[in-house]
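Enquirer: Have a look at the structure that comes next, please.
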Amino acid sequence: MPGSDSTAHKSKSRRPKYSQFSQQELPAFKLILTPGYVISTFIVVGLIFVPIGLISLFASETVVEIVDRYDNECIPKDFRDNRVEFIKNKQTNKSCTRTFTVPKQMKSPIFIYYQLENFYQNHRRYVKSRSDKQLQSKKNAAHIRECKPMGETDNKDPIIPCGLIAWSLFNDTYGFSVKGKDLKVNKRDIAWGSDKNYKFGADVFPKNFQVGDVGGKSLNSSIPLSEQEDLIVWMRTAALSTFRKLYGKIEDDLQANDVITVVIENNYNTYDFKGTKSLVLSTTSWIGGKNDFLGVTFITIGGICLFLAITFILLYVIKPRPLGDPSYLSWNRNSTPTPGR
Amino acid sequence: MKRYIYINDDETSQDLYCANRLSNRKYTLMNFLPKNLWEQFSRFMNQYFLLIACLQLWSLITPVNPASTWGPLIFIFAVSATKEAWDDYNRYLSDKKANEKEVWVVKQGIKKLIQSQDIRVGNIVWLRENDEVPCDLVLIGTSDPQGVCYVETAALDGETDLKTRLIPAACMGMDFELLHKIKGVIECPGPDKDIRRFDGNLRLLPPFIDNDVCPLTIKNTILQSCYLRNTEWACGVAVYTGNETKLGMTRGIPEPKLTAVDAMIDKLTGAIFVFQIVVVIVLGTAGNVWKDTEARKQWYVLYPQEFPWYELLVIPLRFELLCSIMIPISIKVSLDLVKSLYAKFIDWDYEMIDPETDTPSHATNTAISEDLAQVEYILTDKTGTLTENRMIFRRCCIGGIFYGNETGDALKDVGLLNAITSGSPDVIRFLTVMAVCNTVIPAKSKAGAILYKAQSQDEEALVHAAAQLHMVLVNKNASILEIKFNGSVLQYEILETLEFTSDRKRMSVVVKDCHSGNISLLSKGADEAILPYAHAGQQTRTFVEAVEQYSQLGLRTLCLAWREVEEDEYQEWSLMFKEASSTLIDREWRIAEVCQRLEHDLKVLGVTAIEDRLQDGVPETIETLRKAGINFWMLTGDKQNTAIQIALSCNFISPEPKGQLLSIDGKTEDEVCRSLERVLLTMRITTSEPKDVAFVVDGWALEIALKHYRKAFTELAILSRTAICCRVTPSQKAQLVELLKSCDYRTLAIGDGGNDVRMIQKADIGVGISGREGLQAARAADYSIGKFRFLKRLILVHGRYSYNRTAFLSQYSFYKSLLICFIQIFFSFISGLSGTSLFNSVSLMAYNVFYTSIPVLVSTIDKDLSEGTVMQHPQILFYCQAGRLLNPSTFAGWFGRSLFHAIVAFVISIHVYAYEKSEMEEVSMVALSGCIWLQAFVVALETK
């Protein structure tokens, strides 16, 4: 071809640059799922999971937990048919006394929780009704847009802390005694450190806050928000409609068969929506509170893996099949084409 | 609409037509934003996302920060707008460069240097050698005394040979001075995009004496973007300027092609949308009911007693927004992104570089690579596509004597050489026709050797062969042609050239022997275009046999003929021809009719046979692709026998015992109908047998079949895996593509020449071979490759990988969006159906962008099987063809997978924190990391 020299020279530059990437020749590793790999993977997973499950179950078993539901019992007999009225009436005596026995020795610290059921802290209207900015710093006092419908008083003064969550703060109180001796309840350090230090300002003081008429607790306006640990705990909204929140800690050991007497101020209204209230005392282990779920799950998965491994071994022994047999390819086997690769 | 152009008239030419200002821009600075936004919002997906984003502005219902939708939306819009803007800016720059180029133009009788954009219709433009032509011009003068100039039209049609252009007869012999003052009128049609036609008239105004109407053809024009070569200067009248030039009219954005995968994704998106609506309605209703029965009792939620009219809508709309993440906003962008990477892989592929010219393959259309794997029919051209299109003169039959049969090379045949030395008149005349009857331009190289520049490879082969047989075409100078034969120089004056068209299938020249003054007509053409016009006394049997024999060997045949023309007859005919050439309407047809009047009573001289070798690897490629379940149709303009021979030699059809070739023929409707039914009957019977049945049809029968028996022919098309269609015109090729497309087949058309362009544009995928017939096909195509054998790699490797990757990526995008959406839905069941979002805006955005969109891009370099395995077992392609990796059932699998994973992730995350103590933020983080791990696991598992 005439002039081919010049075109060849010119088109040298047209040749794209070589690289492994552009030629799709990057080194690659491909795992082929041979029976050996599959079986050994299952066995390894099973062998790891089952012991982990057993250990966690054991840890969960060592936790001692006392749950006492008191919302029904703490209504005087005369008001049993009219609970809502009882709880809303300010004149009624809301104190009530409960006793229970410690089943096993409980080592300190013993955590005191209150547990609410059928309480939707995760309701959209509720979750959103707070102003993180206002909680954080004094200068954001007027940041109440998100707090609707509980942002300001009737006189248009901003409420601090504003919003439905703060407004409905839990206000039952508990007093503990064993054998006639009062147990000290430590209510410090029950909230997250980060919440206390960063999210709730030390210069923000409650202002225009409710005085306990409709909803929950009232706040001492001389204590900054960062010290109001009950509020901080409450403001961490729960994900489920049944939830526990930390009330305080007992820093004494309790012996088995000790009888605990609790004096409860039953103030919080859960009767409107048929919610329950319980008091929970619990010790902890390395996996936290009592939780069998993790252990059971680990054991189940480990068990399934072992079972599958055994099944595959049996299949492999009884009916072996050479690896990469082309006669199994769909076009070599006209009768029944199988989907999938 | 006709145009009247007043040459060199500064007053009238001013404002009637647009100035020569090129503008390829889509936008201006002012309209960019609205126009671009409008274009983007005409897509359904974008409208949907905009609606969602707008709803999110309503803080009562939005579950998350509006920024989480507006951010990506604006980002996506910005990306595509920036891309458009960048492209447009580049177009603007190149326009500007062209517009500001300085050219010599005559203004008020003086030659001035002005910017190209100021040229007006009617101006006289002067060009020097190697100048680019700034607008479409009608030539009126050149430096050549014969009025010829040479142009290179590569930018226009990709053909690299030089073309001659003539000044019209009326302007012949004008000198420099006169050309400045010339006045006249050019009558021509309105702007169109046909670069092969220009039907105009020129009339010079007094004081020029010759004020006859002078016809103008495309030969008298030089078009925008061509280059003036081998000519010192030329000048012409601007007839079309700016965007109205032939080139300007051809430009334009071709309709975007939608791939099967895209269509499927759209369908699935629609299905998800319906699912989403259902979920929203169910959850919304349940939410409203729950609100009325339960939530009103919950004093801490503080529902107002009175509510606005839209209250009923609030919860459903919240769920709509919550569920809007089901349709991943990023899917289009990431698909576009990876598809352009696939295209780049094709461009970069070392194994698809033409070793001869070093031309890499190129993907012009970056959006359709996965369609390559779903091709079911390949329609291929023959010449230049399957064959090399390098023509070599092999045999000939002159006056009944066969040359070259023993040696296989007529040039070395002693008998022929002897006949030449002995001066046998038939042989000499035969050689003369070979050397004269063509449009080849000889050019002397610096070393003194003669180079032939030809548009047609056949002509080049004939001229070369003639030269080797001592009949050397030395020089072509306007109308005088010089031939050297055995040392003596013969001169011919070319009186007329009766051009080749694909309808006429022959070309002729009328020449006058300068020595004797005799006028003769020399013709060459296809056998059926020459032999019927032989004069009554001549026996054409031997020629028919020769044609038969040659085409059985797979050679291309041409018949050569001549006759003497009387002076009177020529004069009379010449007038008719002139008149026909100056008609503005149906000129081509009129000329063909007039030509017919001269081309009769021919004395047939002989038959030439030209070999066109098969390209390397063609049979293997066809065999492999056929194993992959792809059906082949060959569409060629060539003769039936040649086509069948080529088909046999390249595995296209199998020889007798194994294969069967049925033929549909007939000249009338009835004959075609009968033959069609017969073939159909055999087809139906043999479908069960393992026999390769193919049918062959010629252009004439095809025309009838397509017109009257479309249904039967369609059935035939579905039944047969192979077909050969010969003698078909470009538009028939396109029709066949349409036919197969209408049966819902994915078609790929591959070709190399201008006659394949329509077929390539019509097909789902057009592949052009950047071959020797110019680049026209390659330009129009979606992919251009150097050799036919690269098709195998294009389909099996690039097509298949693209399909697999796109199928994975698109379904994965839905999977990960559904996963997170299901968790949201589950959470809404335990949050009082109030539409609370478990996840906050930041984590949602991070999930969509960092955790899922970017890592999955790894799958774009994923290979499930090695290239070698795929090439060895082309059957693997069945999966892609049948769309096994992306269809409603695989999608249902992914859907189920996301549902299952969501359940697992949700259950674990609400229980893991001794559940009574779980806080929303903790749960949300646990669930999110669960999703991230799960999807990463899926990516790792699915990519190999």
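Enquirer: Could you please find all residues in region B:528-539 being of a type outside the set (Gly, Ala, Ser) and closer than 20 Å to residue B:610 by Cβ? Outline the logic, then answer.
Expert: First, pick out the residues of region B:528-539 that are of a type outside the set (Gly, Ala, Ser): B:528, B:530-533, B:535, B:538-539.
Within region B:528-539, B:528, B:530, B:531 meet the criteria.
Enquirer: Which one of A:119, A:86 is among the aromatic types (Phe, Trp, Tyr) and within 14 Å of chain B (Cβ to nearest Cβ)?
Expert: Working: A:86 fails: within 14 Å of chain B (Cβ to nearest Cβ).
Going through A:119, A:86 in turn, just one is among the aromatic types (Phe, Trp, Tyr) and within 14 Å of chain B (Cβ to nearest Cβ): A:119.
Enquirer: Just to verify a result, which residue in region B:334-390, among those that are over 24 Å from residue B:759 (Cβ atoms) and of a type in the set (A, V, I, L, M, F, W, C), is farthest from the other protein chains (Cβ to nearest Cβ)?
Expert: B:335
Enquirer: What strands (runs of 3 or more DSSP E) completely inside region B:96-147 contain at least 1 residues that are surrounded by 23 or more Cβ atoms within 10 Å (Cβ to Cβ)?
Expert: Details: elements: B:102-107, B:110-115, B:124-128, B:136-142.
Counting at least 1 such residues, we get B:102-107, B:124-128, B:136-142.
Enquirer: Now for a different question. State all residues of region A:258-301 that are in a helix (DSSP H, G or I) and either among the polar types (S, T, N, Q) or within 8 Å of another protein chain (Cβ to nearest Cβ) (or both); if no residue qualifies, say none. Quick ask: steps written out before the conclusion?
Expert: Within region A:258-301, the first condition is being in a helix (DSSP H, G or I), and the residues that meet it are A:292-301.
A:293, A:294, A:297, A:300, listed by residue number.
Enquirer: Further question on the same structure: For region B:621-641, name all the residues that are under 30 Å from residue B:544 (Cα atoms) and either of a type in the set (A, V, I, L, M) or in a loop (DSSP other than H, G, I, E, B) (or both).
Expert: B:634, B:635, B:636, B:637, B:638, B:639
Enquirer: Still on this structure, I have one more. Given the structure, is residue A:240 more than 12 Å from every other protein chain (Cβ to nearest Cβ) and crowded, with 18+ Cβ neighbours inside 10 Å?
Expert: Details: more than 12 Å from every other protein chain (Cβ to nearest Cβ): no; crowded, with 18+ Cβ neighbours inside 10 Å: yes.
So residue A:240 fails the test.
Enquirer: Has region B:915-922 got any residue that is out of contact with any strand residue (DSSP E or B) (no Cβ under 9 Å at 6 or more places or on another chain), more than 9 Å from every other protein chain (Cβ to nearest Cβ) and in a helix (DSSP H, G or I)?
Expert: First, pick out the residues of region B:915-922 that are out of contact with any strand residue (DSSP E or B) (no Cβ under 9 Å at 6 or more places or on another chain): B:921-922.
Pick out the ones that are also more than 9 Å from every other protein chain (Cβ to nearest Cβ) and you get none.
No - not one qualifying residue is present in region B:915-922.
Enquirer: I'd like to know if region A:98-108 contains one or more residues that are of a type outside the set (A, V, I, L, M), touching a strand residue (DSSP E or B) at 6+ places or on another chain (Cβ under 9 Å), surrounded by fewer than 20 Cβ atoms within 10 Å (Cβ to Cβ) and within 11 Å of another protein chain (Cβ to nearest Cβ).
Expert: No, the conditions are met nowhere in region A:98-108.
Enquirer: Turning to a different aspect of this structure: What is the number of the single condition among (1) within 14 Å of chain B (Cβ to nearest Cβ); (2) farther than 27 Å from residue B:913 by Cβ; (3) crowded, with 21+ Cβ neighbours inside 10 Å that residue A:210 does not meet?
Expert: Against the list (1) within 14 Å of chain B (Cβ to nearest Cβ); (2) farther than 27 Å from residue B:913 by Cβ; (3) crowded, with 21+ Cβ neighbours inside 10 Å, residue A:210 comes up short only on (3).
For (1) touching a strand residue (DSSP E or B) at 6+ places or on another chain (Cβ under 7 Å); (2) outside any helix (DSSP H, G or I), each residue gets a yes or a no:
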residue: B:420; (1), (2): no, no
residue: B:429; (1), (2): yes, no
residue: B:432; (1), (2): yes, no
residue: B:435; (1), (2): yes, no
residue: B:438; (1), (2): no, yes
residue: B:446; (1), (2): no, yes
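Enquirer: For region A:244-257, give me the residue count where each residue is in contact with a Phe, Trp or Tyr (Cβ under 7 Å, 6 or more places away or on another chain) and either under 20 Å from residue A:74 (Cβ atoms) or within 14 Å of chain B (Cβ to nearest Cβ) (or both).
Expert: 4
Enquirer: Which number in (1) under 29 Å from residue B:59 (Cβ atoms); (2) surrounded by fewer than 17 Cβ atoms within 10 Å (Cβ to Cβ); (3) away from chain B (no Cβ under 14 Å) marks the one condition that residue A:223 misses?
Expert: Exception for residue A:223: condition (1).
Enquirer: For region B:414-443, how many residues are without any contact (Cβ under 8 Å) to a residue 24 or more places away in the chain and within 14 Å of chain A (Cβ to nearest Cβ)?
Expert: Number of matching residues: 0.
Enquirer: Applying the selection to region B:713-738, what residues are crowded, with 17+ Cβ neighbours inside 10 Å and assigned to a helix (DSSP H, G or I)?
Expert: Passing the criteria: B:713, B:716, B:717, B:730, B:732, B:733, B:734, B:735, B:736, B:737.
Enquirer: Can you pull out the residues in region A:17-34 that are among the aliphatic types (A, V, I, L, M) and within 9 Å of chain B (Cβ to nearest Cβ)? Quick ask: steps written out before the conclusion?
Expert: First, the residues of region A:17-34 that are among the aliphatic types (A, V, I, L, M): A:26, A:28, A:31-33.
Across region A:17-34, the qualifying residues are A:26, A:28, A:31.
Enquirer: Read through the list (1) under 21 Å from residue B:395 (Cβ atoms); (2) assigned to a loop (DSSP other than H, G, I, E, B), then give the number of the only condition that residue B:465 fails.
Expert: (2)
Enquirer: Within region A:153-187, which residues are without any contact (Cβ under 8 Å) to a residue 24 or more places away in the chain and in contact with a strand residue (DSSP E or B) (Cβ under 9 Å, 6 or more places away or on another chain)?
Expert: Initial filter on region A:153-187 (without any contact (Cβ under 8 Å) to a residue 24 or more places away in the chain): A:154-156, A:180-182.
Hits for region A:153-187 are A:180, A:182.
Enquirer: Of everything in region B:880-914 that's small (Gly, Ala, Ser) and in a helix (DSSP H, G or I), which residue is nearest to residue A:276 (Cα to Cα)?
Expert: First, pick out the residues of region B:880-914 that are small (Gly, Ala, Ser): B:882-883, B:889, B:892-893, B:896, B:898, B:902, B:905, B:909, B:914.
Cutting the leftovers down to in a helix (DSSP H, G or I) gives us B:889, B:892-893, B:896, B:898, B:902, B:905, B:909.
Numbers: B:889: 47, B:892: 42, B:893: 42, B:896: 37, B:898: 36, B:902: 30, B:905: 29, B:909: 24 Å.
Looking at the filtered set, the residue picked out is B:909.
Enquirer: Restricting attention to region B:513-542, report how many residues are under 22 Å from residue B:592 (Cα atoms) and free of Cβ contacts under 8 Å to residues at least 24 places away in the same chain.
Expert: The qualifying residues number 2.
Enquirer: Check off (1) within 9 Å of another protein chain (Cβ to nearest Cβ); (2) over 44 Å from the mean Cα position of the chain (by Cα); (3) surrounded by fewer than 19 Cβ atoms within 10 Å (Cβ to Cβ) for residue B:884 and give me the number that stays unchecked.
Expert: For residue B:884, the exception is condition (2).
Enquirer: Is it the case, given these coordinates, that residue B:245 is out of contact with any helix residue (DSSP H, G or I) (no Cβ under 8 Å at 6 or more places or on another chain) and in contact (Cβ under 8 Å) with a residue 60 or more places away in the chain? First the steps, then the outcome.
Expert: Values: out of contact with any helix residue (DSSP H, G or I) (no Cβ under 8 Å at 6 or more places or on another chain): yes; in contact (Cβ under 8 Å) with a residue 60 or more places away in the chain: yes.
For residue B:245, the condition - out of contact with any helix residue (DSSP H, G or I) (no Cβ under 8 Å at 6 or more places or on another chain) and in contact (Cβ under 8 Å) with a residue 60 or more places away in the chain - is met.
Enquirer: Could you check how many residues of region B:863-881 are under 30 Å from the mean Cα position of the chain (by Cα) and in contact (Cβ under 8 Å) with a residue 12 or more places away in the chain?
Expert: The number of residues fulfilling the criteria is 11.
Enquirer: While we're looking at this one, here's another question. Can you name the residue in region B:560-584 that is part of a strand (DSSP E or B) and of a type outside the set (Phe, Trp, Tyr) and is also surrounded by the fewest Cβ atoms within 10 Å (Cβ to Cβ) among such residues? Explain how you work it out, then say what you get.
Expert: Here is the first cut: in region B:560-584, the residues part of a strand (DSSP E or B) are B:560-565.
Still in the list and also of a type outside the set (Phe, Trp, Tyr): B:560-561, B:563-565.
Working: B:560: 27, B:561: 29, B:563: 19, B:564: 11, B:565: 19.
So, considering only residues that are part of a strand (DSSP E or B) and of a type outside the set (Phe, Trp, Tyr), the one surrounded by the fewest Cβ atoms within 10 Å (Cβ to Cβ) is B:564.
Enquirer: Could you list all residues from region B:826-860 that are within 14 Å of chain A (Cβ to nearest Cβ), surrounded by fewer than 21 Cβ atoms within 10 Å (Cβ to Cβ) and of a type in the set (A, V, I, L, M, F, W, C)?
Expert: If the condition is that a residue be within 14 Å of chain A (Cβ to nearest Cβ), surrounded by fewer than 21 Cβ atoms within 10 Å (Cβ to Cβ) and of a type in the set (A, V, I, L, M, F, W, C), then B:826, B:829, B:830, B:842, B:857, B:858 are the ones that fit.
Enquirer: Which one is surrounded by the most Cβ atoms within 10 Å (Cβ to Cβ) among residues in region B:923-938 that are under 52 Å from the mean Cα position of the chain (by Cα) and within 14 Å of another protein chain (Cβ to nearest Cβ)?
Expert: Here is the first cut: in region B:923-938, the residues under 52 Å from the mean Cα position of the chain (by Cα) are B:927-938.
From what is left, the residues that are within 14 Å of another protein chain (Cβ to nearest Cβ) are B:927-928, B:930, B:937.
Values: B:927: 27, B:928: 22, B:930: 20, B:937: 11.
Result: B:927.
Enquirer: Residues that are charged (D, E, K, R), in a loop (DSSP other than H, G, I, E, B) and free of Cβ contacts under 8 Å to residues at least 12 places away in the same chain: does region B:685-699 have at least one?
Expert: We begin by selecting, within region B:685-699, every residue charged (D, E, K, R); these are B:689, B:691-692, B:698.
If we keep only those that are in a loop (DSSP other than H, G, I, E, B) too, we end up with B:689, B:691.
Filter again for free of Cβ contacts under 8 Å to residues at least 12 places away in the same chain, leaving B:689.
The answer is yes; a qualifying residue exists.
Enquirer: Which residue is farthest from residue B:430 (Cα to Cα), if the candidates are limited to region B:475-493 and must be among the hydrophobic types (A, V, I, L, M, F, W, C) and surrounded by 17 or more Cβ atoms within 10 Å (Cβ to Cβ)? Before the answer, list the steps.
Expert: We begin by selecting, within region B:475-493, every residue among the hydrophobic types (A, V, I, L, M, F, W, C); these are B:478, B:480-481, B:483, B:485, B:489-490.
If we keep only those that are surrounded by 17 or more Cβ atoms within 10 Å (Cβ to Cβ) too, we end up with B:481, B:483, B:485, B:490.
Values: B:481: 17, B:483: 14, B:485: 13, B:490: 15 Å.
Of everything passing the filter in region B:475-493, B:481 is farthest from residue B:430 (Cα to Cα).
Bear in mind that the values in this text are calculations on the coordinates, not laboratory data. These figures come from a predicted structure and were not determined experimentally. Methodologically, a virtual Cβ is constructed for each residue, glycine included, from the backbone with ideal geometry; neighbour enumeration extends over all protein chains shown.
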